[in-house]
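**Student:** This is the structure, below, for whatever I ask next.
Nothing in this text is a laboratory measurement; each read-out follows from the coordinates by a stated rule. Note that the structure is a prediction, hence the values are computed from the model and not measured. When we count neighbours, we look across all protein chains shown, and the Cβ atoms used for this are built from the backbone with ideal geometry, even at glycine.
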Amino acid sequence: MKIVIAATDAQWNELINSKSQIDWQRVNNSTDFIQYKDADAFFSLKDNTILPGFALLGKTVFINSVISTLTELKAPANVLRINGWSTFLQRPVWETAGILEDGIKNNFEKSGIKFNIVSDEPGFISARIIAMIINEAYFAVNEAVSSKTEIDTAMKLGTNYPYGPFEWAGLIGTGHILGLLQKLNASDLRYQPAALLINEVKGNR
């Protein structure tokens with residue numbers, strides 16, 4: 001199976017190290033996809049920009065769009081959303097929104113990647129939950145419950161999480177976490193971002 005991908009160095013390394021059985025062909029930008037009409041599918045992971053040429057490829061195009069939905073992006077039918085944030089691409093099961101053809105799904109499953117088809121909602125499922133955990137950890141630090149290091153250690157040892165919430169936030173990027181929380185908070189006050197998280201993101205800009 002030949003997959004053409006436009007990705008950052010971090011995304012590329014995460015994919016080829018964990019999904020080495022797939023024939024990955026890397027390109028600089030998604031505009032180069034048109035040169036690879038023999039590909040089985042395409043991944044545009046640097047951002048969620050949908051190019052006019054995507055509809056003309058006639059193949060499935062996966063975009064990295066955790067926050068914006070396909071409806072909001074006015075995506076053509078052959079475009080699907082996945083989570084391209086750090087640590088998510090190495091997982092054996094990928095959440096995706098959109099219509100996934102059986103042939104593509106079966107080919108990926110043979111290569112060790114399973115898909116969990118979810119509703120076209122901001123954050124999918126796992127990113128929402130992780131963002132909430134990270135946000136709660138920021139609230140805890142702000143309330144002097146414990147330190148970042150102690151919370152990371154407690155969560156990894158107590159819940160067997162692969163990363164502590166602050167470690168995870170650092171890998172994903174606090175800006176991404178805040179952006180998702182702000183999007184969700186617009187319709188649900190449970191997702192109100194912690195002031196410490198907001199200030200930390202502002203300080204890093």
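**Student:** When the dipole is taken about the Cα centre of the range 118-205, and only Lys, Arg (+1) and Asp, Glu (-1) are charged at their Cβ, what size is it in debye, to the nearest 20?
**Tutor:** Once rounded to the nearest 20, the dipole reads 180 debye.
**Student:** With every atom except the alpha carbons ignored, what do you get for Rg and Dmax of the range 45-166, in angstroms?
**Tutor:** For the range 45-166, the Cα radius of gyration and maximum Cα-Cα distance read 17.3, 55 Å.
**Student:** Note the full-extension length gain between ALA10 and ARG190 as 0.36 nm times their separation in residues minus their Cα-Cα distance, in nm to one decimal.
**Tutor:** Extra length from ALA10 to ARG190 when fully extended: 61.6 nm.
**Student:** From the P(r) of the range 126-204, can you give the percent of Cα pairs sitting at distances over 18 Å?
**Tutor:** That fraction is 35 percent.
**Student:** Restricting the count to DSSP beta bridges whose residues both fall in the chain, what percent are antiparallel, rounded to a multiple of 5? Present the calculation step by step, with values, prior to reporting the outcome.
**Tutor:** Working: 2 of 23 bridges.
So the antiparallel bridges amount to about 10 percent of the total.
**Student:** Would you list ILE22, ILE125 from fewest to most Cβ contacts within 10 Å?
**Tutor:** Numbers: ILE22 20, ILE125 13.
Listed from fewest to most nearby Cβ atoms, that is ILE125, ILE22.
**Student:** Taking every DSSP beta bridge that has both residues in the range 19-113, what percent is antiparallel when rounded to the nearest 5?
**Tutor:** Among the beta bridges of the range 19-113, antiparallel pairing accounts for roughly 20 percent.
**Student:** Also, quick follow-up: For the range 140-147, in order, what is each residue's ³J(HN,Hα) by Karplus, 6.51 cos²θ - 1.76 cosθ + 1.60 with θ = phi - 60°, in whole Hz (x at glycine and Pro)?
**Tutor:** 5, 5, 5, 8, 6, 5, 6, 8
**Student:** Turning to a different aspect of this structure: Please compute the Kirkwood hydrodynamic radius over the range 2-117, one decimal place, Å, based on all pairs of different Cα atoms.
**Tutor:** 14.0 Å
**Student:** Going by Cα centres, the range 1-78 and the range 120-137 are how many Å apart?
**Tutor:** What the calculation gives is 23 Å, centre to centre.
**Student:** Take the Cα of ASN142, step 7 Å along the line toward its Cβ, and report every residue of the range 169-205 whose backbone nitrogen sits under 11 Å from that point.
**Tutor:** 192-200
**Student:** List the pairs from LYS59/LYS110; LYS59/LYS156; LYS19/LYS46; LYS46/LYS183; LYS59/LYS114 whose alpha-carbon separation is above 29 Å, in the order I gave them.
**Tutor:** LYS59/LYS156
**Student:** Sticking with this structure for a sec: Report, by chain and number, residues whose modeled amide H sits under 5 Å from the one on PHE43, excluding near sequence neighbours (fewer than 5 apart, same chain).
**Tutor:** VAL4, ILE5, ALA6, PHE62
**Student:** Might you report the magnitude of the Cβ-based charge dipole of the chain about its Cα centre, with Lys and Arg at +1 and Asp and Glu at -1, to the nearest 20 debye?
**Tutor:** In total the dipole reaches around 220 debye.
**Student:** With N set to the residue count of the chain, report its C-alpha Rg divided by 2.2 N^0.38 Å to two decimal places.
**Tutor:** Working: Rg = 17.9 Å, N = 205, 2.2 N^0.38 = 16.6 Å.
That ratio works out to 1.08.
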